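See below for the structure under consideration.
Laboratory data are not the source of any read-out in this text; all were calculated from the coordinates shown. Everything numeric in this text was worked out from a predicted model, so none of it was measured. When we count neighbours, we look across all protein chains shown, and the Cβ atoms used for this are built from the backbone with ideal geometry, even at glycine.
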Amino acid sequence: MAHRRSSIVDRPSSGAPGPATANTATYVYCLVQSSRTPSLRGVPDSVPGAGTPRLLSFDRGTYAVVADAPLDRFSSDALQKDLEDVESISRHALAHASVVEFFFRSAPVIPLKLFTLFSSDEAASRQLGRRRAALQRMFARLRGREEWGVRVVAGEREAESARTLESGRDYLQVKKRLHEQAAAPPRPIVRAVNGALASLGKAAVKTRKEAFPPPGAGRPYVAGASFLVKAGRRAAWKTLVARTAASLAKGGHRLELSGPWPPYHFVSR
């Protein structure tokens, strides 16, 4: 999930309806589309400092999952301190994702970024209502889809063999070869990894390639992508991924799969 410094989307307005006041903003987790009012039973805890998650209806059959956000905890200055604390930002991110994923299990969702804030419920409804047509089109594109993440680490088998070699000379030779590959991975490795990702992409509705640190001393060649896949094709997708992983393993490469997730990387595409 992408993180960014928060800002209040709109200025507080006096007399705004809903729980929000001049001292409280409205935190938005995600948007949910459902013909029935989504159940809040069992909803996870909010991000630290925010109120209990609740629903805000801003269009027929469409809801924002929101929480009260006291400004003494959610002002730009206060949040900047959290953003500089790795443990604090992790707690916020995990709680945010837990709420989004709770609703994703039963209905289409549009996840919003961590620390998306409006000055009030009224401001949130007004701003979201202005984007009604675009949001409906986005829901139509995402309905019945789920996100999967794939990450391929090249040369894992040879790296492991280097750690178990008994001969010091052989160990140094393998380490030298691994270092050279890390600095500039051979074209066959790049072709094999990118070819595997391209093959998986053909089975997905959309693909978004992810950026990883370039290879270098002590860092292997890593590539990966996020895939938007039809939920009804989950079994076939996992079978294809398993076959791809087995094929890559023959070349000493490791494939990691994660998901299914809400469409975090596809809400603006």
Item to complete: Kindly flag which residue pairs out of Lys113/Lys206; Lys209/Lys230; Lys81/Lys113; Lys230/Lys250 have an alpha-carbon separation exceeding 22 Å in this structure.
Response: Lys230/Lys250
Response to the item:
Using alpha-carbon positions, the gyration tensor of the range 216-269 gives root eigenvalues a ≥ b ≥ c; with a/c under 1.5 called rounded, otherwise prolate if a/b exceeds b/c, else oblate, the class is oblate
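By how many nm would the segment from Arg151 to Lys113 grow when fully extended, if each residue of separation counts as 0.36 nm and the alpha-carbon distance is taken off? Provide the component values of the computation, followed by the final result.
Numbers: separation 38, 0.36 × 38 = 13.68 nm, distance 2.26 nm.
Length difference between fully extended and current span is 11.4 nm.
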Discussion item. For Lys202, Lys113, which order do you get if you count the other beta carbons within 10 Å of each Cβ and list the fewest first?
Written reply: Lys202, Lys113
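Subtract the Cα-Cα distance of Ser57 and Glu87 from 0.36 nm times their separation in residues, and report this length gain in nm to one decimal. Provide the component values of the computation, followed by the final result.
Working: separation 30, 0.36 × 30 = 10.80 nm, distance 3.31 nm.
Taking 0.36 nm per residue and subtracting the Cα distance, the gain is 7.5 nm.
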Discussion item. Treating only the Cβ of Lys, Arg, Asp and Glu as charged (+1, +1, -1, -1), what charge dipole size does the range 195-239 show about its Cα centre? Round to the nearest 20 debye.
Written reply: 260
Response to the item:
On the formula 1/(1 + (r/R0)^6), with r taken between the Cβ atoms of Arg131 and Lys250 and R0 of 45 Å, the FRET efficiency rounded to 0.05 is 0.40
Fill in: Average projection area in nm² (convex hull over Cα atoms of the range 24-142, one quarter of hull surface)
7.1
Worksheet item: What is the P(r) of the range 190-252, as percent of Cα-Cα pairs per 10 Å bin from 0?
Response: 20, 49, 27, 5, 0
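Can you classify the range 98-149 as rounded, prolate or oblate using the Cα gyration tensor, where a ≥ b ≥ c are the square roots of its eigenvalues, rounded means a/c under 1.5, and otherwise it's prolate if a/b beats b/c and oblate if not? Don't jump to the answer; show the numbers that get you there.
Values: a/c = 2.40, a/b = 1.41, b/c = 1.71.
Oblate, since a/c reaches 1.5 and b/c is not below a/b.
What FRET efficiency would be calculated for the residue pair Asn194, Ser258, taking the C-beta separation as r and a Förster radius of 25 Å, to the nearest 0.05? If you can, show how the numbers build up before the last one.
Numbers: r = 20 Å, r/R0 = 0.78.
It comes out at approximately 0.80.
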